[in-house]
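The values are calculated or read from the model by the stated rules, or taken from the named source; none is laboratory data. All values derive from a computational prediction rather than experimental measurement. All Cβ positions, glycine included, derive from the backbone under ideal geometry; neighbour counts span all protein chains shown.
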Amino acid sequence: MLAVQKETIALFEELEYPSFVKYMGSKSKIMGFVLEGVNEIYRGGVVCDLFAGSASLAGAIGQQCAVHSNDIQKYSAILSQAYSNSYSYSGIPGAEQILTKAASIVRKNSKAIGSLTEYSAIGSLEEFNSAEDLQKQLVSRTFRREWHLFLKNYSGTWWSAEQCLWIDALREVAETYRVEPCYPAVMSSLMFAMAYTSQGTGHYAQYRDAKTEGSLSDILIYRKRAVAKYFERKYNEVLLWMPKTRPVYGHLTTTLDYRQCLSSLRGGTVYADPPYCFVHYSRFYHALETLVLYDYPKLQAKNGVVVKGRYREDRHQSPFCIKSQVTEAFCQLFKGVAKSKSNLAMSYSNTGMITIEEIEKLATAIFSGKKIEVLFTDHQHMTLGRLKDRHREVQECLLLVS
């Protein structure tokens with residue numbers, strides 16, 4: 001078979017796509033730079049997004065080629081499918097239809113917990129914290145009905161009890177559409193509503209405590225936000241964005257360890273955006289994982305008391321976030337790409353767990369005879385901190401192997 005000439009391959013353009021979550025290290029702001037690198041090495045076939053995360057790549061190019069989105073976290077698969085596999089079809093539910101069902105569930109289930117906190121009537125720090133402490137105690141309560149996970153585990157934390165009632169209700173309604181093409185869009189719109197009603201900074205590592213009048217004032221802004229309104233806003237946006245016909249490309253979504261995913265590849269192009277620092281993404285986005293799995297996980301506890309972060313006990317630990325394992329993790333990544341006979345575009349930062357020089361040295365040793373190029377761009381890395389450290393100036397690198 002004759003090799004495909006570079007001149008015959010169309011270049012990817014960054015198409016508009018809806019944003020669903022606030023994601024640490026998201027490449028959405030520098031997608032043009034990423035696609036510049038991908039276009040440099042793309043020779044046709046499938047593009048595999050090895051660490052898909054918030055699935056920005058599927059959003060940007062999913063209507064231009066077949067995308068294989070992979071991430072060990074299950075919530076990433078839902079986001080990827082919302083971009084790659086959703087389409088408008090006869091009978092697709094509208095926001096009003098979904099919210100009507102959810103409202104009925106909320107009315108029924110709210111009776112089980114008594115009166116809800118009226119945040120517009122809160123007059124002091126003491127009054128607020130007293131109400132929140134009562135909500136937090138629901139974590140020790142036994143519920144008879146199904147679909148109470150967020151009410152039990154998260155009331156008085158990132159969300160109020162009322163907001164958790166709505167999250168549970170919308171999740172229950174979403175389940176009725178599980179086998180329909182709209183399911184990923186409904187779930188992703190709920191993730192959006194969770195992100196923008198949460199009193200945290202966009203991730204779920206730690207919720208904030210009201211210790212001053214200033215912090216109370218800020219938290220109340222989010223406590224007064226309605227999950228239903230944010231869901232409606234995003235879902236309607238997605239309905240307008242959706243293709244009107246079934247996707248023409250054979251997209252694939254997997255939730256494999258990166259080494260397993262690479263072992264299944266046969267040619268094509270790999271885009272890899274591994275974690276950069278010592279913090280594990282499973283710590284920041286465990287609530288999204290729990291939303292998707294809805295498996296009533298055992299929560300981490302210390303001396304018999306559930307820890308503040310309400311983390312799942314089974315959180316994934318990435319070798320790219322562990323200093324003693326990161327070098328071998330890159331070796332396994334490069335060897336897997338080489339064995340699959342794929343080209344590679346890999347993002348990394350000059351503030352990562354390993355230096356760019358070390359990465360280039362490893363790549364040179366493993367990709368013998370391959371062309372290796374490194375591109376750089378200045379970037380404001382989104383840390384999702386609250387005030388002074390919300391963005392961090394970094395130099396973003398793209399390692400290209402072809």
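Things to note:
- Test: residue in region 335-355 that is touching a Gly at 6+ places or on another chain (Cβ under 7 Å), assigned by TED's automatic domain parsing to the domain that holds residue 43 and either surrounded by 20 or more Cβ atoms within 10 Å (Cβ to Cβ) or within 26 Å of residue 142 (Cα to Cα) (or both): yes
- Subset of region 119-136 [closer than 22 Å to residue 149 by Cα and either of a type in the set (D, E, K, R) or assigned to a loop (DSSP other than H, G, I, E, B) (or both)]: 132, 133, 136
- Hits in region 297-333 (condition: touching a Leu at 6+ places or on another chain (Cβ under 8 Å) and without any contact (Cβ under 8 Å) to a residue 60 or more places away in the chain): 307, 311, 312, 313, 327, 330, 331
- Which numbered condition residue 31 misses (of (1) touching a strand residue (DSSP E or B) at 6+ places or on another chain (Cβ under 8 Å); (2) crowded, with 16+ Cβ neighbours inside 10 Å; (3) under 17 Å from residue 347 (Cα atoms)): (1)
- The residue of region 343-378 that is farthest from residue 42 (Cα to Cα), among those that are in a strand (DSSP E or B) and among the small types (Gly, Ala, Ser), is 349.
- Among the residues of region 351-365, some residue qualifies, meaning at least one is within 30 Å of residue 208 (Cβ to Cβ), modelled with pLDDT under 95 and touching a strand residue (DSSP E or B) at 6+ places or on another chain (Cβ under 6 Å).
- Checklist (1) part of a loop (DSSP other than H, G, I, E, B); (2) more than 27 Å from residue 353 (Cα to Cα); (3) in contact with a Pro (Cβ under 9 Å, 6 or more places away or on another chain) applied to residue 314, failing item: (2)
- The set of residues in region 73-104 that are in contact (Cβ under 8 Å) with a residue 60 or more places away in the chain, surrounded by fewer than 20 Cβ atoms within 10 Å (Cβ to Cβ) and of a type in the set (Val, Ile, Thr) contains only 92.
- Meets criteria (in contact with a strand residue (DSSP E or B) (Cβ under 7 Å, 6 or more places away or on another chain) and at pLDDT 95 or above) for residue 97: no
- Region 282-327, residues that are surrounded by 16 or more Cβ atoms within 10 Å (Cβ to Cβ), more than 20 Å from the chain's Cα centre (by Cα) and under 24 Å from residue 164 (Cβ atoms): 299, 300, 306
- Matching residues in region 131-170 - criterion: being surrounded by fewer than 13 Cβ atoms within 10 Å (Cβ to Cβ) and farther than 26 Å from residue 78 by Cβ: 133, 137, 140, 141, 142, 144
- Count - residues of region 233-288 that are among the aliphatic types (A, V, I, L, M) and farther than 28 Å from residue 190 by Cβ: 4
- Filtered by the rule that a residue be farther than 28 Å from residue 281 by Cβ and of a type in the set (Ser, Thr, Tyr), region 194-250 gives 212, 217, 245.
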